[in-house]
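*Asks:* My structure is below; once you've seen it, I'll send some questions.
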Amino acid sequence: MGLGAENGKVVEPWDVCKSKGRKKKKGSEEVEGTGSGCWLRLRFMGSCISSRSKVDTSVSGSGTSTHYAESKSTNDTSRDQPTAPAVSSTTTSNAESNSSTSKLEEELKIASRLRKFPFNDLKLATRNFRPESFLGEGGFGCVFKGWIEENGTAPVKPGTGLTVAVKTLNHDGLQGHKEWLAEVNFLGDLVHPNLVKLVGYCIEDDQRLLVYEFMPRGSLENHLFRRSLPLPWSIRMKIALGAAKGLAFLHEEADRPVIYRDFKTSNILLDAEYNAKLSDFGLAKDGPEGDKTHVSTRVMGTYGYAAPEYVMTGHLTSKSDVYSFGVVLLEMLTGRRSMDKHRPNGEHNLVEWARPHLGERRRFYKLIDPRLEGHFSVKGAQKAAQLAAHCLCRDPKSRPLMSEVVEALKPLPNLKDMASSSYYYQTMQADRIGASPNTRNGRTQGALLSRNGQQQRSLSIPNGTYASPYHHQFPQPSPKTNGKA
């Protein structure tokens, strides 16, 4: 779920956490039901926050926020192990509500740097959670843009002070109090340039809110799949490197190893200069300690990103995150989603479609996002594809450490051997165009070919669905390759 400037709600294929909820029937039988989305709630001012339904703290209820259900293993020592007593409804006396809030605060391992916000301050900071402040929605709830004092909790005039993203717990949603606790406990402890900064929190009666730094460029998912202008190659590699550094910190540098468990494009947020930061730690787990090799748990995550051995056995390790990183790296190389039912048969699952192409030079170019139009480093793309293949090894023991991934990625953003000047790439493009049914006398919508098959000029349409940032008649705003905003 984004904490940045993303408007609109898009329900992806396979993304159960955004399209479906689960509710309890009598006798504890679970049935699927349609979740109440924030777009419906936004018809009523601030109604994303106004629900007073009882907080569901049961393991089975809180584990349905993603594509799989989860239950706690008896050996699980995760930081979010304690479950809170259910908060009373509006019929409960103020004294009981205050008592429950105190118990919840004792349960939190609050870092001293976190600010505790009164609910009314956040309500004013977001202008009463009005639709104009709405940034996005996920399994946890709705996210709103707000403004607070630089060093305090009081609301300030929009455009002044500190810009923040306020995430609210939707009590009718799919993630619950347990995920909220995990988010506070992990991000309260963990500080790193490639992790989104948690500014503070709010516990007041049955309200659960988190306050983050605002990420102005939104999510990687938004840039890869929802915008007509593609991300330049160097920016893609910069984002991959930053995200890899975030995972390497969690796995190898944090005081206690952390398994992120939900690495995907929508959880990689970008600041003004396209620095990547990991967000949404609701599914994170403490890694195995001592002589333990894995954490046992039922499977949670996002279909298409979860490692196959984790899906089959429930054995969670840091190498599960490495696999997910390989999927995201492949998405950045290809411009394709990890799962896409709109693709032709045989291409729905990105990893299975891409595997045959990763190791062969002649097939390798078929992987690269065609919207880049050859504006990518040949060596860099080859190394990135080899790295993705390494991360996606079926044997988890054969996958690299994230620190090794970081070292492999470091030189890639600065390589300048553009494929557009490569004879082999031009020949391959000519062969592809020659096989196209639209070819007439060597002229196509995409290029004018000379007798030797080399590309002379491009006739890309600037205002088309996949407009090119490399060929246009008028200046257009696009990401700058030097990383400057």
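All of the numbers you see were taken from the coordinates with simple rules; none came from a lab. Since we're looking at a predicted model, the values are computed, not measured. Every residue, glycine among them, receives a Cβ derived from its backbone with ideal geometry; neighbour counts consider all protein chains shown.
*Asks:* Sort Trp180, Trp353 by Cβ crowding within 10 Å, fewest neighbours at the top.
*Replies:* Working: Trp180 27, Trp353 19.
Least crowded to most crowded, the residues run Trp353, Trp180.
*Asks:* Distance between the C-alpha centers of region 233-253 and region 138-164? Whole Å please.
*Replies:* 27 Å
*Asks:* Counting pairs of Cα atoms in region 269-310, how many percent are more than 13 Å apart? Walk me through the numbers before you get to the answer.
*Replies:* Details: 597 of 861 pairs.
So the portion of pairs separated by more than 13 Å is 69 percent.
*Asks:* What shape does region 197-289 take by its C-alpha gyration tensor, where a ≥ b ≥ c are the square roots of the eigenvalues and a/c under 1.5 counts as rounded, a/b above b/c as prolate, and the rest as oblate? Can you show the working numbers first?
*Replies:* Values: a/c = 2.27, a/b = 1.29, b/c = 1.76.
Because a/c hits 1.5 or more and a/b fails to exceed b/c, region 197-289 counts as oblate.
*Asks:* Based on the mean of other Cβ atoms within 10 Å per residue, sort peptides 121-133, 276-288 so the most packed one is first. If you can, show how the numbers build up before the last one.
*Replies:* On the way: 121-133: 19.3, 276-288: 24.3.
Result, highest mean first: 276-288, 121-133.
*Asks:* Mind ranking 199-209, 388-398, 263-273, 184-194 by how tightly packed they are, going by the mean number of other C-beta atoms within 10 angstrom, highest first?
*Replies:* 263-273, 199-209, 184-194, 388-398
*Asks:* Which net charge results for the neighbourhood of Leu412, defined as the other residues with beta-carbon distances under 13 angstrom from its beta-carbon, given Lys and Arg at +1 and Asp and Glu at -1?
*Replies:* Charge balance in the 13 Å sphere: +4.
*Asks:* What does a probe at Val311 reach in region 278-301, counting residues whose amide N is under 18 Å from the point 7 Å along Cα→Cβ?
*Replies:* 297-301
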